[in-house]
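Heads up: the structure comes next, in structure tokens.
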Amino acid sequence: MALILQRLVAPARRGALKHSTYECGEEVEGSAWTQFNIRFYVIALVFLIFDVEVVILFPWAVVFKDIGLVAFVEMLIFLCVLTIGLVAVWRRRDLDWVKMVLPYARGRYARLTRDPD
Amino acid sequence: MSNIQSLTYFLPELILTSSAMVIILTDVFFRGRNRNRLIWLLSLVALGIAAIFLLLQTTPPDAIFYGALAVDPYSRFFKWIFLLATVVIYVVSPYSRELDNNPRHEYYLFMLLVVFGLFLMASALDLIIVYLSIEIVSIGSFVLAGFLKQERLSNESSLKYVIYGALSSGVMLYGLSLLFGIAGSTNVFDIQAALSGVPDKAHLTLAVALLLVLTGFGYKIAMVPFHFWTPDVYQGAPTTITAYLSVAPKAAGFALALRILGITFGSSPDMNLGEWLPVEGLPFGTLIAIFSAATMTVGNIIAIQQSSVKRLLAYSSIAHAGYMLMAAAILNAQAVSAIMFYLAVYLFMNLGAFLVAIFIHNRYGYDEIEEWKGLGFQAPAVAVAMGIFLFSLTGLPPTAGFVGKVYLFSVLIEAQQFWWLAVLGVLNSVVSLYYYMRILKAMFLDSEPTGERISGHPALSGTILLLMIPVLLFGVYWSPLMNLVRSSLEFFSPGM
């Protein structure tokens, strides 16, 4: 219903530029309609931990001098909480790219095992 | 109150979050065979400590973190409901066979985080906290609903839950942003003050904002027409989680909705005053009454044709949200106390009914009504308990459900408004009798005694029988519970 309505009401001005993928203002390279490896999903989540951390650190750094010790302790606790997240991810081997036991593996890849869970 | 001072009032929540972190670390560093048991025990201890701090918290109503959260008897009452529901689910979770093939430690962790979110929901006084707490609860519930990774239904339920959750919280955010646009503040008391002085022209905006905010709240309490996720999620999720979702987040949704709507759209910022009137010109009562009528009618009528007991109970939980919304159309002190009383009673009877469903599921692995045939002969005690839960859900005396419904109806009768809604509520109760009795008939009448006995784990059967006691007790001697509700009817308001 809503889809039909907007089809009828909305003006259609199509163009090659409008249909191209948005890449933060960069020159477009290829289509977004490709398949990604599902493992990127975990990487994206881990990235989020640090992303949020930095976003919060910036305003904190601006007012740090005014608040002083309290701000320092508060941010320390916040960073500890985030670190726990990182430790959990690390221990659960979500940071390892190669996860399987490879029959022909040598060197440091020989010690890799399956996900412990 | 400033942040550091606030921490002393925030101890139960702090215990929950810090123990969640301890559990994450235990989870990754302890690799022994008893890991599930250990984490189960740790979480129960955390809940126990949180309960002790909650018990010691007897300060007068106050707002902490610069007015973002309320610490008052009203929120404490709901926190007890959440703790009780969580502990019951924790106790029975190790004996649910559905969960056997999955690592239970993460399940316990997510439940702790959900409890934290529920605590925030019960005490939110700021639109940011409203949104944040709903999201904390939702994201935890998404994971829990899809916990049975090998089962298609569970995956489906999780996906549907995520999509509906994202949509409704988006719509709710739009409503909240409208409110912020009108008032220029995210604090509910500031918004209330701003709304009382709105010129008449803005009332259309206000009504739209109310409707959009109701979408988010309605999603949490499974109000028609935002209920479409309920049957699928309830059917696909592990039965323990279904039981939890049908009780705790629903209670939290009501706690949040009553407080936020009551203050924001009320003509006075003080919820402690007995009489409550909406901002002039806003059709608050009529709107809620229409939603209530739709919710109970749709819930009851669709429940009739369900063959899966979990789906049937899902529609019945929609219908119960409708009964409670009936009183919310008035929203005076009596109405709020009636809803709180009903939620407390609903906790026992609905958890009880779902625990019996776990009992059956452990035995047969399905939840079709067929499997219930002959339960009355195979496990008489559990079947009788189920009968009592069903009577209570229908609202027949001498059970607690009857008393709860009487209070809900008396709100409408004494306010002398919405007669049609009360009549519709009574008619709906009659309809609900039919499908509840179908389960009862299957248990006692549809098969011959075969002499076969089935017995669940004593912890499961014991919890079922324990839950039966309050349902019967509050049906004949409910004044202690009502007194507790009345003494909990104290809200924080800035004038105090």
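Structure above, values below:
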item	result
Subset of segment B:1-22 (residues that are more than 10 Å from chain A (Cβ to nearest Cβ), part of a helix (DSSP H, G or I) and in contact (Cβ under 8 Å) with a residue 12 or more places away in the chain)	B:Gln5, B:Ser6, B:Tyr9, B:Phe10, B:Leu11, B:Pro12, B:Glu13, B:Ile15, B:Leu16, B:Ser19
Identity of the residue in segment B:468-493, in a loop (DSSP other than H, G, I, E, B) and of a type in the set (A, V, I, L, M, F, W, C), that ends up nearest to the chain's Cα centre (by Cα)	B:Leu489
Count of segment B:423-438 residues which are of a type in the set (Val, Ile, Thr) and either in contact with a His (Cβ under 9 Å, 6 or more places away or on another chain) or in contact (Cβ under 8 Å) with a residue 60 or more places away in the chain (or both)	1
Of residues in segment B:195-230 being polar (S, T, N, Q) and under 24 Å from B:Leu312 (Cα atoms), the one modelled with the highest pLDDT	B:Thr230
Residue match in segment B:298-318 (condition: in a helix (DSSP H, G or I), under 17 Å from B:Pro249 (Cβ atoms) and out of contact with any Ser or Thr (no Cβ under 9 Å at 6 or more places or on another chain))	no
Hits in segment B:111-128 - residues which are more than 16 Å from B:Phe82 (Cβ to Cβ) and part of a helix (DSSP H, G or I)	B:Leu127, B:Ile128
Given (1) more than 18 Å from the chain's Cα centre (by Cα); (2) crowded, with 24+ Cβ neighbours inside 10 Å, number of the condition B:Ala333 does not satisfy	(2)
Odd one out for B:Ser455 among (1) over 16 Å from B:Leu325 (Cβ atoms); (2) among the small types (Gly, Ala, Ser); (3) assigned to a helix (DSSP H, G or I); (4) in contact (Cβ under 8 Å) with a residue 12 or more places away in the chain	(3)
Selected residue [modelled with pLDDT under 95 and either more than 14 Å from chain A (Cβ to nearest Cβ) or at positive phi (or both)] from B:Leu42, B:Leu25	B:Leu42
Any hit, segment B:72-83, residues being at pLDDT below 95 and either among the aliphatic types (A, V, I, L, M) or not in a helix (DSSP H, G or I) (or both)	yes
Candidate set: segment B:28-39, residues that are charged (D, E, K, R) and out of contact with any His (no Cβ under 8 Å at 6 or more places or on another chain); chosen: the one farthest from the other protein chains (Cβ to nearest Cβ)	B:Arg37
Unique residue being surrounded by 19 or more Cβ atoms within 10 Å (Cβ to Cβ), touching a residue at least 24 places away in the same chain (Cβ under 8 Å) and within 17 Å of the chain's Cα centre (by Cα) when the list is B:Ala251, B:Ala289	B:Ala251
Qualifying position, being in a helix (DSSP H, G or I) and farther than 25 Å from B:Ala255 by Cα, among B:Ser154, B:Ser169, B:Ser141, B:Ser133	B:Ser154
Of all residues in segment B:185-224 being out of contact with any helix residue (DSSP H, G or I) (no Cβ under 7 Å at 6 or more places or on another chain) and outside any helix (DSSP H, G or I), the one that is surrounded by the most Cβ atoms within 10 Å (Cβ to Cβ)	B:Asn187
Any hit, segment A:12-22, residues being at pLDDT below 85, over 29 Å from B:Val22 (Cβ atoms) and surrounded by 10 or more Cβ atoms within 10 Å (Cβ to Cβ)	yes
Residue check, B:Leu55 closer than 26 Å to B:Leu258 by Cβ, within 23 Å of the chain's Cα centre (by Cα), away from chain A (no Cβ under 14 Å) and not basic (Lys, Arg)	yes
Residue list for segment B:121-151, restricted to those being surrounded by fewer than 24 Cβ atoms within 10 Å (Cβ to Cβ) and either touching a Lys or Arg at 6+ places or on another chain (Cβ under 6 Å) or closer than 18 Å to B:Leu167 by Cα (or both)	B:Ile128, B:Tyr131, B:Leu132, B:Ser133, B:Glu135, B:Ile136, B:Ser138, B:Ile139, B:Gly140, B:Phe142, B:Val143
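Condition check ((1) closer than 24 Å to B:Ser154 by Cα; (2) modelled with pLDDT of 95 or more) across all residues:
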| residue | (1), (2) |
| --- | --- |
| B:Asp232 | yes, no |
| B:Gln235 | yes, no |
| B:Ala251 | yes, yes |
| B:Leu261 | no, no |
| B:Gly266 | no, no |
| B:Pro269 | no, no |
| B:Gly274 | no, no |
| B:Leu277 | no, no |
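A quick yes/no check of all residues on (1) β-branched (Val, Ile, Thr); (2) closer than 23 Å to B:Ala319 by Cα; (3) more than 21 Å from the chain's Cα centre (by Cα):
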{"site": "B:Gly365", "(1), (2), (3)": "no, no, yes"}
{"site": "B:Val406", "(1), (2), (3)": "yes, yes, no"}
{"site": "B:Gln417", "(1), (2), (3)": "no, yes, yes"}
{"site": "B:Ser432", "(1), (2), (3)": "no, yes, no"}
{"site": "B:Tyr436", "(1), (2), (3)": "no, yes, no"}
{"site": "B:Asp446", "(1), (2), (3)": "no, no, yes"}
{"site": "B:Glu452", "(1), (2), (3)": "no, no, yes"}
{"site": "B:Leu466", "(1), (2), (3)": "no, no, no"}
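Conditions (1) within 27 Å of B:Phe359 (Cα to Cα); (2) within 14 Å of another protein chain (Cβ to nearest Cβ); (3) of a type outside the set (Ser, Thr, Tyr), marked per residue:
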residue	(1), (2), (3)
B:Pro60	no, no, yes
B:Phe65	no, yes, yes
B:Tyr90	yes, no, no
B:Ser96	yes, no, no
B:Asn102	yes, yes, yes
B:Tyr108	yes, no, no
B:Leu113	yes, yes, yes
B:Leu120	no, no, yes
B:Phe142	yes, no, yes
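A quick yes/no check of all residues on (1) closer than 27 Å to B:Pro73 by Cα; (2) touching a His at 6+ places or on another chain (Cβ under 7 Å); (3) modelled with pLDDT of 90 or more:
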| site | (1), (2), (3) |
| --- | --- |
| B:Leu412 | yes, no, yes |
| B:Leu421 | no, no, yes |
| B:Gly451 | no, no, no |
| B:Ser455 | no, no, no |
| B:Leu472 | yes, no, yes |
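Conditions (1) away from chain B (no Cβ under 14 Å); (2) in contact with a helix residue (DSSP H, G or I) (Cβ under 9 Å, 6 or more places away or on another chain); (3) at pLDDT 75 or above, marked per residue:
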| site | (1), (2), (3) |
| --- | --- |
| A:Trp33 | yes, no, no |
| A:Ala44 | yes, no, yes |
| A:Glu53 | yes, yes, yes |
| A:Phe72 | no, yes, yes |
| A:Ala88 | no, yes, yes |
| A:Arg92 | no, yes, yes |
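The values are calculated or read from the model by the stated rules, or taken from the named source; none is laboratory data. On a predicted model such as this, the values are computed, not experimentally measured, just so you know. In this analysis, Cβ positions are derived from the backbone assuming ideal geometry, glycine residues included, and neighbour counts consider all displayed protein chains.
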